[in-house]
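These notes concern the structure reproduced below.
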Amino acid sequence: MNNLGIISRYGYKCITISVVLLILSWIFDFWFSFFTILLLATLWVYRNPERLPQSEDSKAILSPIDGVVEDIRKCNYNGRSYSEILIRSRIIDCGVLRATCDMEISDIKRRNGLNLHSSDSNSNLLNNRATIISKNQDIILRISTSALTSKIYLESITYVKSGRRIGFIKDGKVSLLMPLNTRISLTKGDKVKACNIIGYIDE
């Protein structure tokens, strides 16, 4: 995974366009200040900070992304019950997706959909979605887009260590499904950072 720079490689295209627009605005003396701010904002959106896992415990579950806890509930997936934490990641939050634990990925599913705003009650069901299934820890990540983005970037991986980068999303929601015996250490409305502990799987 060659994505260790201070700017995520998934933002190179947008940043290049912003740089070209800035140069043209300087040459033609047209909205130079606006395009300078646009470039700085684009660099901020695609920032790629280094993060270390808050715990090396094999039973620790880490946050997969920066954002706000929108809901904590029980849910069903393929006939099995899970504890679910839903995290809303805004465009001002760092969009780097990270492994919540040591993940042996058995499947990655993608579904094309709409780009409804995340406040829409149907956004989780109808928007673009990717699902990552980890067979070793019975962990499932469901990532959905919002109105400001239509693409979910994911690395091509089969095994990844806890806290490592696995993808990027500019704006959307990440739903983390965990075993029912997970002790969750968050409450609804909490702000979280990727690699922070959000729970432990009990024996």
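The values are calculated or read from the model by the stated rules, or taken from the named source; none is laboratory data. Please read all numbers here as calculations on a predicted model, not as lab measurements. Backbone-built Cβ (ideal geometry, glycine too); neighbour counts: all protein chains shown.
Scanning region 1-33 for residues that are in a loop (DSSP other than H, G, I, E, B), in contact (Cβ under 8 Å) with a residue 60 or more places away in the chain and surrounded by 14 or more Cβ atoms within 10 Å (Cβ to Cβ) yields ASN3, SER8. Looking across region 135-159, not a single residue is free of Cβ contacts under 8 Å to residues at least 12 places away in the same chain and either in contact with a helix residue (DSSP H, G or I) (Cβ under 8 Å, 6 or more places away or on another chain) or aromatic (Phe, Trp, Tyr) (or both).
Tell me, yes or no, whether region 42-52 has at least one residue that is under 22 Å from ILE201 (Cβ atoms), of a type in the set (A, V, I, L, M) and either assigned by TED's automatic domain parsing to the domain that holds PHE168 or within 21 Å of the chain's Cα centre (by Cα) (or both).
Within region 42-52, one or more residues are under 22 Å from ILE201 (Cβ atoms), of a type in the set (A, V, I, L, M) and either assigned by TED's automatic domain parsing to the domain that holds PHE168 or within 21 Å of the chain's Cα centre (by Cα) (or both).
Within region 132-150, the set of residues being crowded, with 21+ Cβ neighbours inside 10 Å and not in a strand (DSSP E or B) comprises just one member, SER146. Here TYR153 clears all of (1) of a type outside the set (Gly, Ala, Ser); (2) surrounded by fewer than 16 Cβ atoms within 10 Å (Cβ to Cβ); (3) under 16 Å from the mean Cα position of the chain (by Cα) except the condition numbered (2).
Restricted to region 151-175, and to residues that are among the β-branched types (Val, Ile, Thr) and touching a Leu at 6+ places or on another chain (Cβ under 7 Å), which residue is nearest to ARG51 (Cα to Cα)? Selected residue: ILE166.
Please go through region 13-36 and give me each residue that is more than 24 Å from LYS151 (Cβ to Cβ) and either among the β-branched types (Val, Ile, Thr) or touching a Leu at 6+ places or on another chain (Cβ under 7 Å) (or both), ordered by number.
ILE23, ILE27, THR36
Just to be sure before I move on: is LEU176 in contact (Cβ under 8 Å) with a residue 24 or more places away in the chain, under 22 Å from ARG90 (Cβ atoms) and crowded, with 21+ Cβ neighbours inside 10 Å in the structure I sent? The answer is yes for LEU176. Among the residues of region 10-32, those that are over 30 Å from TYR153 (Cα atoms) and in contact with a helix residue (DSSP H, G or I) (Cβ under 9 Å, 6 or more places away or on another chain) comprise SER25, TRP26, PHE30, TRP31, PHE32. Those residues that are surrounded by 12 or more Cβ atoms within 10 Å (Cβ to Cβ), in a loop (DSSP other than H, G, I, E, B) and hydrophobic (A, V, I, L, M, F, W, C), I need them from region 43-88; list them, please. Correct list: ILE65 only. Pairing residues of region 110-131 that are without any contact (Cβ under 8 Å) to a residue 40 or more places away in the chain and assigned by TED's automatic domain parsing to the domain that holds ARG90 with residues that are exposed (fewer than 14 other Cβ atoms within 10 Å of the Cβ) and of a type outside the set (D, E, K, R), at Cβ distances under 9 Å and at least 6 apart in sequence or on separate chains, gives GLY113/LEU125; LEU114/ASN122; LEU116/ASN122; ASN128/ASN112; ARG129/ASN112. The residues listed here are ASP120, ASP107; of these, the one that is more than 17 Å from the chain's Cα centre (by Cα) and outside any strand (DSSP E or B) is ASP120.
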